[in-house]
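Every number in this text was worked out from the coordinates using simple rules, so none of it is lab data. On a predicted model such as this, the values are computed, not experimentally measured, just so you know. Reconstructed Cβ throughout: ideal geometry from the backbone, glycine too, with neighbour counts over all protein chains shown.
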Ligand SMILES: [Zn+2]
């Protein structure tokens with residue numbers, strides 16, 4: 001038998017707690033309705049999407065896929081208009097314009113934020129090509145803390161648009177893809193997720209860039225996606241939260257990472273309860289939501305953190321955090337009410 005066909009079935013006799021709805025109605029601060037116009041908004045009616053939310057106890061939802069052009073943003077806003085009070089749409093930065101606009105690009109991108117806000121965008125989403133692929137007009141890779149881009153982050157603060165930043169990716173994606181790589185299977189299934197350094201910048205350089213950026217723009221609210229882009233190292237994320245009062249994190253798509261370090265994660269959630277936002281990523285998925293509720297609320301042990309048969313981020317299992325009610329309420333909704341749905 002090949003090792004990859006190994007399907008060990010745990011013989012542990014432990015409890016399974018099904019949590020249909022969150023203890024407090026939740027706000028999903030990190031999700032998608034289709035990348036720049038695709039999937040969910042084309043396959044589902046808005047009523048169907050909202051029915052899923054009602055089943056899963058989700059009251060509000062941040063759709064990060066507004067993009068940078070009026071067409072895409074407007075498409076999302078038009079689709080959501082009948083239930084607009086339940087949604088926010090975030091815009092983006094059109095990095096490709098840098099080649100065309102040269103030195104005037106940062107000012108252009110900053111002005112573009114106010115235009116996006118006038119169309120209806122309520123935040124700015126920065127995605128991982130920034131730090132990995134984005135190049136300036138001289139075809140040089142741009143660092144996350146490049147001071148030339150300060151006008152963008154400053155404008156976001158002035159316009160009161162929170163910036164949700166997903167930079168880098170799981171640490172192991174930056175390592176050589178060999179027998180020691182804990183994400184070997186996942187990278188095999190998604191070869192374009194390999195950012196082995198070199199030639200890519202080291203993971204920690206990208207994260208340090210994010211930290212410098214957030215520190216330098218103390219009047220701008222930043223949300224670090226996926227546990228501040230470094231769920232493998234909660235000590236590092238905690239330090240950044242300590243240093244940057246304008247910084248929040250979301251927990252989307254990191255149940256596997258958090259659930260394999262339950263003692264540290266539980267302490268982290270309790271200590272930083274005011275800075276953590278709930279989010280799922282991966283669409284309005286009732287079963288996906290319920291699994292995260294189980295993780296946050298129960299003391300269930302050793303369970304699959306994915307809805308698929310084989311846990312997608314690595315073949316380990318998760319442990320619940322059985323968080324106290326006051327912490328759950330902040331994470332599920334109070335923090336999002338403070339910085340998003342005000
Ligand atoms: Zn996402």
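Remarks
- More than 28 Å apart - percent of Cα-Cα pairs taken over the chain: 42
- Shown is the FRET efficiency for residue 236 and residue 48, computed with R0 = 45 Å from the Cβ-Cβ distance and rounded to the nearest 0.05: 0.65.
- The angle separating the long axis of helix 262-271 from the principal Cα axis of greatest extent in the chain is about 50 degrees.
- Look at the Cα gyration tensor of the stretch 184-324: its axes a ≥ b ≥ c give a/c of at least 1.5 with a/b at or below b/c, and that counts as oblate.
- The slack between residue 267 and residue 15, meaning 0.36 nm per residue of separation minus the straight C-alpha distance, is 88.4 nm.
- Of 270, 223, 331, the residue with the greatest mean-square motion in the GNM of the chain, using alpha carbon springs below 10 Å, is 270.
- Calculated [θ] (222 nm, deg cm²/dmol) that DSSP helices of n ≥ 4 give over the chain, each run adding -39,500 (n - 2.57): -10500 deg cm²/dmol
- Most mobile of 12, 77, 149 in a GNM of the chain (Cα contacts under 10 Å): 12
- Just checking the listed ones, 287, 47, 299: in the Gaussian network model of the chain with Cα springs under 10 Å, the one fluctuating most is 47.
- Potential lengthening between residue 115 and residue 182 on full extension [0.36 nm per residue; Cα-Cα distance subtracted]: 19.8 nm
- Sequence of 307, 220, 45, 255 once ranked by neighbouring C-beta atoms within 10 Å, starting from the fewest: 45, 307, 220, 255
- Rounded Å value of the spacing that divides the Cα centres of the stretch 170-222 and the stretch 285-342: 23
- Taking label positions 7 Å along the Cα-Cβ direction at both residue 215 and residue 135, the computed distance is 3.0 nm, reported to one decimal.
- Per-peptide packing, taken as the mean over residues of other Cβ atoms within 10 Å, places 159-171, 310-322 in the sequence 159-171, 310-322 from highest down.
- Dividing the Cα radius of gyration of the stretch 191-248 by 2.2 N^0.38 Å, with N the residue count, gives 1.20.
- Residue 3 paired with residue 101, simple spin-label distance in nm, labels 7 Å along Cα-to-beta-carbon: 4.9
- Computed over the stretch 243-342, the P(r) tail beyond 23 angstrom holds 23 percent of alpha carbon pairs.
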